[in-house]
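Report on one structure; see the data block that follows.
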Amino acid sequence: MILKAKNIFKSYPVDSSASVDVIKGISLEVEKGEYLAIKGSSGAGKSTLLNLFASFDKVDSGEISLHIGKEKLQYSKLNDQQISKTRLNHIGFVFQQYNLLGEFSALENVCMPAIILGLGKKEILRRGQELIEFVGLEHRASHKPSELSGGEQQRTAIARAMMNNPKIIFADEPTGALDNQNSRQILDLIEKLKEEFDLTFVTATHSNLVAKRARRIIEIQDGRLI
């Protein structure tokens, strides 16, 4: 097991006197090396769940823990600095809208997590070039995001998620902004990366095309697993 969620709840305020419950008592275990799809319609809570798993947001109650080797990292017991360090060292995230930095090249975007982590310049460049080549964009490495197609931007974003050798990658609707051909190419790349680097991969999606690539599919509806 690499990730465990135990009876987690999450709500968000609507106004000063009311809130909406988004995650309602979810418990889930993710095995090391697993390819898991969390499937649900828009508004079901799957993106919120992924953000909680990736430590971008905090649960109201319950517990999420990341298991790295013999170490158990309980999110609720980590301060903000420790959470950031855990995310940088162990977690990769792929966004539907890519979230690339427009003023930087594809290669610079890929290298950014390692720059934040403080790795040496030579090691950063070597790793970044290796990943750009792995996703098939070595000929586009110097191009900025505005000069790349949607598929190329998502390939760049996937390479960026891989930069710090994460143990688990979360992807929120990774093909949601792409046509069918580019979607299939991105899904092929994800499978290739998973096998090559022995990754655990968790994706949130409403798409049957994406979900059926996973080894296990669970469904979320109205904030609960069904």
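Using Cα springs under 10 Å in a Gaussian network model of the chain, which residue among 46, 72, 144 shows the largest mean-square fluctuation?
The residue that fluctuates most here is 72.
Quick one: which of 207-215, 114-122 comes out on top by average Cβ neighbours within 10 Å, and what's the full order, highest first?
Output ranking for 207-215, 114-122: 207-215, 114-122.
Tell me which label goes with the value of Rg and Dmax of the Cα atoms in Å computed from the coordinates here: (1) 30.7, 122; (2) 16.5, 53; (3) 17.4, 54.
Derived directly from the coordinates: (3).
Over the stretch 176-226, what lengths in whole Å, largest first, do the semi-axes of the equivalent ellipsoid take, defined as the square roots of 5 times the eigenvalues of the alpha-carbon gyration tensor?
Ellipsoid half-lengths, sorted descending, are 21, 16, 8 Å.
Taking a temperature of 25 °C and a viscosity of 0.890 mPa s, what whole-number D in µm²/s does Stokes-Einstein yield for the stretch 19-130 with Rh from Kirkwood over alpha carbon pairs?
149 µm²/s
Please check which bits of the stretch 141-184 a label hung off residue 198 would reach, taking the label as a point 7 Å along Cα-to-C-beta and the cut-off as backbone N under 16 Å.
Counting only backbone N, you get 165-169.
Over the residues of the stretch 110-226, compute the C-alpha Rg and express it relative to 2.2 N^0.38 Å.
Taking the Cα Rg and dividing by 2.2 N^0.38 Å, one obtains 1.13.
Any idea what the relative contact order of the chain is, in percent, if you count C-alpha pairs under 8 Å spaced at least 6 apart?
Computed over the chain, the figure is 30 percent.
Assign one of three labels to the stretch 73-113, namely rounded, prolate or oblate, based on the Cα gyration tensor with a ≥ b ≥ c the square roots of its eigenvalues; rounded applies when a/c is under 1.5, prolate when it is not and a/b is larger than b/c, and oblate otherwise.
Judged from the Cα gyration tensor, the stretch 73-113 comes out prolate (a/c at least 1.5, a/b above b/c).
I'd like the GluC sites (Glu not before Pro) in the stretch 1-42 restricted to DSSP loop residues with at most 15 other Cβ atoms within 10 Å, sorted by number.
Answer in residue order: 31.
Quote the FRET efficiency, to the nearest 0.05, computed for residue 20 versus residue 104 with a Förster distance R0 of 45 Å and r equal to the Cβ-Cβ distance.
Result of the calculation: an efficiency of 0.80.
On a full-extension model of 0.36 nm per residue, what is the gain between residue 57 and residue 82, subtracting their alpha-carbon distance, rounded to one decimal in nm?
This chain segment gains 7.6 nm when fully extended.
All of the numbers you see were taken from the coordinates with simple rules; none came from a lab. Note that the structure is predicted; figures quoted are calculated from it, not measured. Methodologically, a virtual Cβ is constructed for each residue, glycine included, from the backbone with ideal geometry; neighbour enumeration extends over all protein chains shown.
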